[in-house]
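Engineer: Let me give you the structure first, and then I'll get to my questions.
Values in this text are rule-based calculations from the coordinates and carry no lab data. Just so it is clear, the structure is predicted and the values come from calculations on it, not from any experiment. Reconstructed Cβ throughout: ideal geometry from the backbone, glycine too, with neighbour counts over all protein chains shown.
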Amino acid sequence: MINIGQLSETVQKNCHISDARHAGSYSMCIFLLKMREYYRWERGLSLTQEIERSAVGDWMVNREQVWERYEDQSYESLALDCGLADPFDADIINAELVPQGYVYSSGYGLYNKPHFFLGKLEKSETHNGIRVLISDREYARDLVAPPAMILNNTIFIRTESLRRVIWEKIEEWQWKRDARAPMARVLSAYPDEQDLEMILDDLCERESRNVILHELGEAQAGKLLGSSWEEMLANTPRSKAELLLRSVRDHLADCLSTLPSLIENKNDVSLHFYFANLTSLRKEIFPKMMRAYDNWVETGSYDALAQVADKGEVHWREQAFKVLDAHRGENKQFVDKIDGLVLPL
């Protein structure tokens, strides 16, 4: 049997190394929000529990000192029964962990930052020939905890991280209290808005299904675009170009999978939550979708949403191939020209 305590320490060390090298990639505002959430996770605090600013401040000072010690270290191999495994070889690691009830993932996210994660396996499913591993409790994680990721032919869903993302959206709405915001419409579906734990439970169950839809769309997009897309992303780290490229692919994935399913099933709560999660950049380059959402809210008809999703599938596929062609032709000037390459819809 695997020594989960020892394995957690190794994975957490690799998380510290990644954080030490990449924490400076974020704006100060985003960094502080991420650190606050990270503190809450590490201390095992409930999402609704108040935390003292001074305690977080002291913890941050200590954490930055830890990062200084790890910044120049190499990522450590994981000790398994089968021997030492490279921390980026999730398939080999999970071949041993999954039968024992654990799940591990590693991969690259925004700004080409490595992400490592070790958790308790809740369930394993198969969708369209793709394995889906759903975790519950998290034993080791880094500063940024993506609630979902696809790696090779496996989708990883982290329900603990997903729950935190949902809570952040609720908390953000509580600060602004904008009655016209999509998040206000999400919460209006619940008779007792004060029962936050119940709301979190229900939304987490709903959205765990929907993030699978997005990742299935990512798998479809990956087959269309090939490995050249990931190579292109690796050449545009820490830039607006990277954010724009990711937005194009996210729209393609959602038009292929997420939106058609939500519209077909008339999943109103999740549709509102989908639009509550769109970044400013994704809204900016897809204004027709935002107008279709407003039309749906006003009329109750899904027709405009369905039509724009169909058009979006064609448009974002064309835009993706356009930037791929440009990257092959003008590698050095590509980052500077990408704003003019991607046409909004």
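Engineer: Relative contact order, percent, of the chain when contacts are C-alpha pairs under 8 Å separated by at least 6 residues?
Structural biologist: That works out to 13 percent.
Engineer: I would also like to ask the following. If you put +1 on each Lys and Arg Cβ and -1 on each Asp and Glu Cβ, how big is the dipole of the range 191-341 around its Cα centre, in Debye rounded to 20?
Structural biologist: 980 debye
Engineer: Determine ³J(HN,Hα), in whole Hz, for all residues of the range 71-83 in sequence, where each value follows from phi through the Karplus function 6.51 cos²θ - 1.76 cosθ + 1.60 and θ = phi - 60°; x replaces Gly and Pro.
Structural biologist: 3, 9, 7, 8, 4, 9, 5, 9, 7, 10, 4, 7, x
Engineer: Moving to a separate point now. Roughly speaking, what is the stretch gain from residue 73 to residue 53, that is 0.36 nm per residue apart minus the C-alpha to C-alpha distance, in nm to one decimal?
Structural biologist: Value of the extension gain: 4.1 nm.
Engineer: Please list 251-259, 219-227 highest first by mean number of surrounding beta-carbon atoms within 10 Å per residue.
Structural biologist: Answer by packing, highest mean first, reads 251-259, 219-227.
Engineer: Further, regarding this structure: Given (i) 1.01; (ii) 1.08; (iii) 0.95, which label gives Cα Rg over 2.2 N^0.38 Å as computed from the coordinates?
Structural biologist: The listed entry that was calculated here is (i).
Engineer: Another question, if that's okay. Which distance in nm do the two modelled labels at residue 9 and residue 179 give, with both placed 7 Å along the Cα-to-Cβ direction?
Structural biologist: Computed distance between label sites residue 9 and residue 179 equals 5.7 nm.
Engineer: Taking the Cβ-Cβ separation of residue 42 and residue 294 as r and a Förster radius of 45 Å, what is the calculated FRET efficiency to the nearest 0.05?
Structural biologist: Efficiency, from the Cβ-Cβ distance: 0.65.
Engineer: Still on this structure: For every helix of n ≥ 4 consecutive DSSP H residues, a contribution of -39,500 (n - 2.57) applies; sum these over the chain, divide by its total residues, and give [θ] at 222 nm rounded to the nearest 500 deg cm²/dmol. The partial results should precede the final answer.
Structural biologist: On the way: 15 runs with 204 residues, N = 345.
Rounded to the nearest 500, it is -19000 deg cm²/dmol.
Engineer: Here is a follow-up. Within the range 67-113, list the GluC sites (Glu not before Pro) lying in a DSSP loop whose Cβ has at most 15 other Cβ atoms in a 10 Å radius.
Structural biologist: When the GluC sites (Glu not before Pro) of the range 67-113 are filtered for loop state and at most 15 Cβ neighbours within 10 Å, 71, 76 remain.
Engineer: Restricting attention to the range 202-231, which GluC sites (Glu not before Pro) occupy a DSSP loop and are surrounded by at most 13 other Cβ atoms within 10 Å? Please list the in-between numbers first.
Structural biologist: On the way: sites: 205, 207, 215, 218, 230, 231; in loops: none.
The qualifying sites: there are none.
Engineer: Hey, another quick one. When a footprinting reagent is the concern and you count Cβ atoms within 10 Å, what order do 113, 34 take, fewest first?
Structural biologist: Least to most surrounded, the residues fall as 34, 113.
Engineer: Which FRET efficiency value, to the nearest 0.05, is calculated for residue 33 and residue 81 with the Förster distance at 30 angstrom and r the Cβ-Cβ distance?
Structural biologist: 0.15
Engineer: Continuing with the same structure: For a quick check of your reading of the filter: which GluC sites (Glu not before Pro) in the range 302-345 sit in a DSSP loop and have no more than 15 other Cβ atoms within 10 Å?
Structural biologist: 330
Engineer: In terms of Cα to Cα distance under 19 Å, which lysines are near enough to residue 311, apart from those fewer than 8 places away along the same chain?
Structural biologist: Qualifying lysines at Cα under 19 Å: 283, 288, 322.
Engineer: Further question: Tell me whether the range 191-341 comes out rounded, prolate or oblate; compute the Cα gyration tensor, take square roots of the eigenvalues as a ≥ b ≥ c, and use a/c under 1.5 as the rounded threshold.
Structural biologist: The shape class here is prolate.
Engineer: For the chain, modelled as a GNM with alpha-carbon contacts under 10 angstrom, which of 45, 143, 97 fluctuates the most?
Structural biologist: It is 45.
Engineer: Taking H as built 1.01 Å from N, whose amide H comes closer than 5 Å to the amide H of residue 80, not counting residues under 5 places away?
Structural biologist: The list, which skips near neighbours in sequence, is 85.
Engineer: Quick one: if the Förster radius is 22 Å, what FRET efficiency do residue 306 and residue 277 give, using the C-beta to C-beta distance and rounding to 0.05?
Structural biologist: Efficiency at R0 = 22 Å is approximately 0.65.
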